[in-house]
Structures are given as C-alpha cells and as structure tokens.
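Structure record follows, encoded as structure tokens.
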Amino acid sequence: MGCKICRTKPVIKLTSTKISLCDKCFLRYFESKYLRTIRTYNMIKNTKKLYIFNDKYSEINYFILKRLSDERKGKFKVLKTNNKKLNIINSNNLDKISSLILLSEFKNKFKKDLTPIYKNKLSPLYFLNNKEIDLYAKLNKLKTKKEKIDKNEEKILKFLDEVESKYEGTRNNIVKSYLELIQ
Ligand SMILES: [Zn+2]
C-alpha cells in the first residue's frame, strides 16, 4: 500500500486513522494538525512575543512557529526560555497527556490542567503522538531532548503502548473523552 494521498512510498502509518503517508504528505499532515490546534485554541491572539519552553520538543515548536512568524512578517517574535512563569509553548503531546489523564484516573484525582491550553501553558503538539513528532524531527533534522519521567508515568506509558498495539487509537480516545468531560 502506497501513500493514501499520492501513492508513493509511505514512511508512516497513522495510528489514529490507519492511513499511510509518504514523507511529503506526512509533513503537510503534521503541520496542518499543529496549526489547527493553535487556531482552535486561539494560542497566539495578539501576542507580540511567543516563548518556547526549553523542553523535549522545543526545537520542533521553534521550527514551526518561527516559520509562521516569518510568514506573518514578524507580527510576533519567537523566543526560547527556561522561565516557567511566562506564557509558554510546551512539548505536551498525545502520549504525555494520555498517560497523565490515566494516571490521574488511577489516583482518583481528576486533573483539570491537562487541556491544550491551561493558564500560561500552551501545547500545540497536543494531538500529535511521540512517533509522529520524532519522525517530523528526523525529516527536518531537528534535535529532540531526553525527558525525565517518574516511574508511575513510565509504567503507564508502557501499558498504553501495549494497549495501543492491540487497539489502535486508544490514546486518541482517552484524550477525546477527557476533553468532552471537561468542556
Ligand atoms: Zn504522499
């Protein structure tokens, strides 16, 4: 099976929709999903400065948002920061968020801070998973950072990997149900 859109050699099969895509079509899919999250949650507004928090996927956030800033002729600046108090773009994504949602379920503590935008934290990678983000980074020759996660989160991550391998789209469904519950 070739790429669903242009029939050339695929580089990935999306877990959410089981669609195979080639590198070019995948990049387009990734960026449109990223930008749709920005638009849907109005993450940029009238911001003059957009701060990218220095975490796991900061290079990817910087790469896409810097280009967006150039396209808008510098209406906002894109800067990197280690300051958690600013309005920050972070690396939270489908894998991270679904793990945290499930973890909070197990602890019987419903967390309200796991939405795409919460107070000063913005997560444009929210609906993309690790596999997709890592491939996007690879195709654009961008670096990703190692992230320290605690033992419980690691266990949940492995558990969800197993479930996902049997029931594709599990993480999507967890996050979808969470957002429906909270809205
Ligand atoms: Zn294609």
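What follows is calculated from the coordinates using simple rules that are stated; it is not laboratory data. Every value quoted in this text rests on a predicted model; they were computed, and no experiment measured them. With ideal geometry, Cβ positions are generated from the backbone for all residues, glycine too; neighbour counts draw on all protein chains shown.
In table form, for the structure just shown:
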read-out: Cα→Cβ-extended label distance, 7 Å offset, between LYS166 and GLU31, nm; value: 4.0 nm
read-out: Other-chain or far-sequence residues with amide H under 5 Å of VAL11's (modelled H); value: LEU21, CYS22, ASP23
read-out: Test item: Cα-centred dipole of segment 58-183, Lys/Arg +1 and Asp/Glu -1 on Cβ, debye; value: 780 debye
read-out: FRET efficiency, THR17 to LYS77 (Cβ-Cβ, R0 41 Å, nearest 0.05); value: 0.70
read-out: Estimated FRET transfer efficiency (MET1, LYS107; beta-carbon r; R0 35 Å; 0.05); value: 0.25
read-out: Under 17 Å from the LYS48 label point (7 Å along Cα→beta-carbon), backbone N, segment 67-84; value: 73-80
read-out: Of LYS80/LYS138; LYS77/LYS176; LYS75/LYS145; LYS111/LYS166, pairs whose Cα-Cα distance is over 25 Å; value: LYS77/LYS176; LYS75/LYS145; LYS111/LYS166
